[in-house]
Amino acid sequence: MALSHAPLRRLAPQLVILAAVLLLNLAVFPDFFRVEFQNGRLFGGIIDVLNRGAPTAILAIGMTLVIGTRGIDLSVGAVMAIAGACAAKIVTDGHGWGTALAGALLAGGLCGIWNGVLVAWLRIQPIVATLVLMVAGRGIAQLVTEGTILTFLNEGLIRLGSGTILGLPVPVAIWIALGAAMAWGVRRSALGLLIESIGINAAAARLAGINARGLLVCVYLVSGLCAALAGVIVAADIKGADANNAGLWMELDAILAVVIGGNSLLGGRFSIIASLLGALIIQSVNSAILLSGMPPEFNLVIKAVLILAILVIQSPRIGHWIYILRASGGDPAPGRAPRGGAHAKETAR
Amino acid sequence: MIRSTSLPLIVTLVTFVIAYALCASAYPAMLSSRVVANLLTDNAFLGIAAVGMTFVILSGGIDLSVGSVIAFTGVFLAVVLRDTSLHPLAAFALVLALTAGFGAAMGAVIHFLEMPAFIVTLAGMFLARGAAYVLSVDSVPITHEFCDWLQDIYWKAPSGGRFRLAGGVMVAVFLGAILVAHRTRFGQNVYAIGGGARTARLMGVPLARTTIGIYAISGGLSGLAGIVFALYTSAGYSLAAVGVELDAIAAVVIGGTLLTGGSGFVAGTFFGILIMGLIQTYIVFDGTLSSWWTKIVIGALLFTFILLQKGLTWATTIRRRPAAGSPTPS
């Protein structure tokens with residue numbers, strides 16, 4: 001019985017927060033949940049949240065795997081810029097959108113492999129290893145676009161950003177399909193378990209016969225590919241590649257989505273679905289702020305306060321307190337709480 | 001015999017000397033005192049912020065809020081000087097107290113709620129940037145005779161270079177920080193926490209006080225950097241200083257401080273700043289190179305120094321534990 005309820009219980013905090021934020025949206029904008037079908041395309045507040053949240057959601061998929069191995073990928077924003085720049089460059093050179101997408105994915109994949117090799121083979125701390133590409137990446141992207149904003153009019157490429165599949169905006173279809181495929185693939189095979197074992201103890205995983213290095217490179221490769229896909233979508237959406245601003249601070253949103261999804265930055269356990277819910281929560285917060293008609297100046301402050309509140313609720317120390325409270329009250333402990341114990345001291349750093 | 005811990009610092013120094021020699025051989029004018037003076041003035045705010053970052057990184061943490069705090073300080077100063085009759089010195093003191101308190105609050109959250117510094121300072125970054133937006137969306141000019149007077153203070157070198165106050169403040173901050181890091185108990189505690197929080201606690205290091213102190217220093221120095229930046233640009237703008245935290249982190253790493261914490265020198269950061277400034281100056285002198293080469297070269301430098309540090313740590317671990325296997329990545 002406990003088994004069938006385990007996934008739901010794991011996702012419960014995220015679902016509650018998402019429902020609360022969506023209700024907040026409804027409170028400030030009564031028509032929020034109305035979905036209309038016009039010109040072969042779905043319209044509505046909720047569709048908009050799904051659509052605008054696509055880049056963060058796609059990044060969060062790769063980031064979840066990376067954080068599951070106790071790593072972090074700071075370079076995704078810069079990789080987005082590189083991929084967008086490559087796609088735009090290929091299209092403006094007269095090639096088709098398929099070539100452009102392949103080229104962008106190739107660039108993102110190379111960036112991912114670079115990060116992976118630094119982390120797995122040279123054993124550089126992930127935060128430092130990916131910092132290199134984060135700093136240099138935007139320079140490389142500007143090198144590709146030669147310092148200008150490359151605009152393009154290729155129908156196929158633009159469709160990736162603003163087209164529809166069966167009425168659903170293409171970015172939404174992409175992230176839902178990708179997320180479902182990854183979550184399914186990782187949990188239906190031993191892959192998820194292997195990734196988590198690296199996060200818990202890389203040395204032990206290696207001794208247990210897991211090809212930790214190869215797996216680490218693959219994880220960063222996936223993160224790079226996800227970033228490239230997000231970069232192409234963002235570029236296609238604005239019909240141009242802006243090396244300076246495309247994906248700026250997206251790495252932070254992606255990490256935030258993963259953290260709001262209840263994944264520990266110390267690795268060892270992860271849930272892609274929870275991260276996707278985290279991405280949706282962030283986007284719902286954004287849309288609530290916009291719809292409420294607050295002065296846009298307050299956006300960042302409100303976002304920061306909300307994030308802090310969510311993080312404090314999820315903090316291991318608070319979880320520990322709740323655990324102790326419940327234990328003294330005789331209630332069964334929540335599954336999430338004991339996390340505060342073992343890793344607590346290291347989190348303090 | 002050179003100690004392995006000071007080797008990164010020596011490498012940074014040698015890199016700086018070689019880089020400067022190369023620049024000077026290409027453009028002899030780069031040796032002039034004007035260039036040196038501008039190097040100090042233009043990088044003053046970054047240098048001051050990097051000092052705070054050095055302490056944070058020495059303790060094994062990270063502070064992503066630096067750039068936002070600089071922007072907030074500028075906007076706050078500009079708005080206060082525009083809307084009230086407060087003397088600039090009082091405004092400086094107020095904003096320094098505010099930013100140091102902000103840093104201390106982040107440190108307290110990191111310590112007491114046991115949350116990763118990365119995420120807490122990320123939220124702090126949003127908060128400070130958002131507060132700057134709330135104060136003013138537009139760029140607010142700073143026009144006060146006292147501020148103009150501060151900007152006009154300089155010491156003119158015989159060969160024509162003007163060493164301004166900002167550069168002097170930066171050098172003073174570096175000297176003070178070197179004393180604090182290497183000659184006080186607080187400094188030793190910072191190194192101890194960076195070496196291992198659990199061990200430090202067993203040694204009797206006051207974790208709470210030190211952690212809060214570290215982030216208060218980082219916040220306060222970001223505030224000071226913000227004041228210098230505001231005077232340098234004569235304005236407060238909420239979109240200013242985006243990404244300065246990355247430059248600061250890069251300078252700290254190029255300066256030879258280990259990002260895992262516990263090993264490094266404040267003086268190294270100074271040369272890290274100078275190396276980064278030198279790259280920019282070279283690109284300006286060259287004229288044909290585009291500005292994005294700065295980022296690529298800094299990225300490459302970062303990579304080189306990380307590799308170097310990695311090699312050094314590897315070499316020392318092998319020497320100390322000849323029989324043991326691979327060092328566990330932390």
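A compact table of results
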read-out: Failed item in (1) surrounded by fewer than 20 Cβ atoms within 10 Å (Cβ to Cβ); (2) over 18 Å from A:Leu131 (Cβ atoms); (3) in contact (Cβ under 8 Å) with a residue 40 or more places away in the chain; (4) out of contact with any Pro (no Cβ under 7 Å at 6 or more places or on another chain), with B:Thr210 passing the rest; value: (1)
read-out: Answer from B:Leu239, B:Leu231 - the residue that is touching a residue at least 40 places away in the same chain (Cβ under 8 Å), within 30 Å of B:Arg82 (Cβ to Cβ), part of a helix (DSSP H, G or I) and not small (Gly, Ala, Ser); value: B:Leu231
read-out: The one condition in (1) within 13 Å of chain A (Cβ to nearest Cβ); (2) modelled with pLDDT of 80 or more that B:Gln309 fails to fulfil; value: (2)
read-out: Evaluation of B:Thr15 against (1) surrounded by fewer than 20 Cβ atoms within 10 Å (Cβ to Cβ); (2) at pLDDT below 90; (3) closer than 18 Å to B:Phe270 by Cβ (one fails), failing number; value: (1)
read-out: A:Ile17 being crowded, with 17+ Cβ neighbours inside 10 Å, closer than 30 Å to A:Asp242 by Cβ and at pLDDT 85 or above; value: no
read-out: Among residues of the range A:122-176, those that are more than 14 Å from chain B (Cβ to nearest Cβ) and either within 30 Å of B:Gly261 (Cα to Cα) or assigned to a loop (DSSP other than H, G, I, E, B) (or both), counted; value: 6
read-out: The range A:100-132 - residue that is aliphatic (A, V, I, L, M) and at pLDDT below 90 and, of those, farthest from the chain's Cα centre (by Cα); value: A:Leu122
read-out: Failed item, numbered, when B:Met115 is tested on (1) within 8 Å of chain A (Cβ to nearest Cβ); (2) touching a residue at least 24 places away in the same chain (Cβ under 8 Å); value: (2)
read-out: Odd one out for A:Glu36, checked against (1) surrounded by fewer than 18 Cβ atoms within 10 Å (Cβ to Cβ); (2) in contact with a strand residue (DSSP E or B) (Cβ under 8 Å, 6 or more places away or on another chain); (3) not in a strand (DSSP E or B); (4) not β-branched (Val, Ile, Thr); value: (3)
read-out: Options B:Val66, B:Val35, B:Val51, B:Val11; residue that is touching a Phe, Trp or Tyr at 6+ places or on another chain (Cβ under 7 Å) and in contact (Cβ under 8 Å) with a residue 24 or more places away in the chain; value: B:Val51
read-out: Counted residues, the range B:135-184 - those being in a loop (DSSP other than H, G, I, E, B) and either under 24 Å from B:Ser222 (Cβ atoms) or not aliphatic (A, V, I, L, M) (or both); value: 13
read-out: Index of the failed condition, B:Gly226 passing every other in (1) in contact (Cβ under 8 Å) with a residue 40 or more places away in the chain; (2) farther than 25 Å from A:Leu74 by Cα; (3) of a type outside the set (Val, Ile, Thr); (4) within 14 Å of chain A (Cβ to nearest Cβ); value: (4)
read-out: Hits in the range A:84-101 - residues which are free of Cβ contacts under 8 Å to residues at least 60 places away in the same chain and surrounded by fewer than 20 Cβ atoms within 10 Å (Cβ to Cβ); value: A:Asp93, A:Gly94, A:His95, A:Gly98, A:Thr99
read-out: Selected residue (criterion: surrounded by the most Cβ atoms within 10 Å (Cβ to Cβ)) from residues of the range B:30-75 that are part of a helix (DSSP H, G or I), more than 14 Å from the chain's Cα centre (by Cα) and within 14 Å of chain A (Cβ to nearest Cβ); value: B:Phe72
read-out: Residue check for A:Ala54: under 22 Å from A:Phe152 (Cβ atoms) and among the small types (Gly, Ala, Ser); value: yes
read-out: Qualifying residue in the range B:154-167 (condition: of a type outside the set (D, E, K, R) and within 14 Å of chain A (Cβ to nearest Cβ)); value: no
read-out: Candidates A:Leu178, A:Leu168, A:Leu150 - the one that is among the aliphatic types (A, V, I, L, M), more than 22 Å from the chain's Cα centre (by Cα) and surrounded by 14 or more Cβ atoms within 10 Å (Cβ to Cβ); value: A:Leu150
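The values are calculated or read from the model by the stated rules, or taken from the named source; none is laboratory data. Owing to the predicted nature of the structure, the values given are computational and were not obtained by experimental measurement. Don't worry about glycine lacking a Cβ; one is built from the backbone with ideal geometry, like all the others, and counts go over all protein chains shown.
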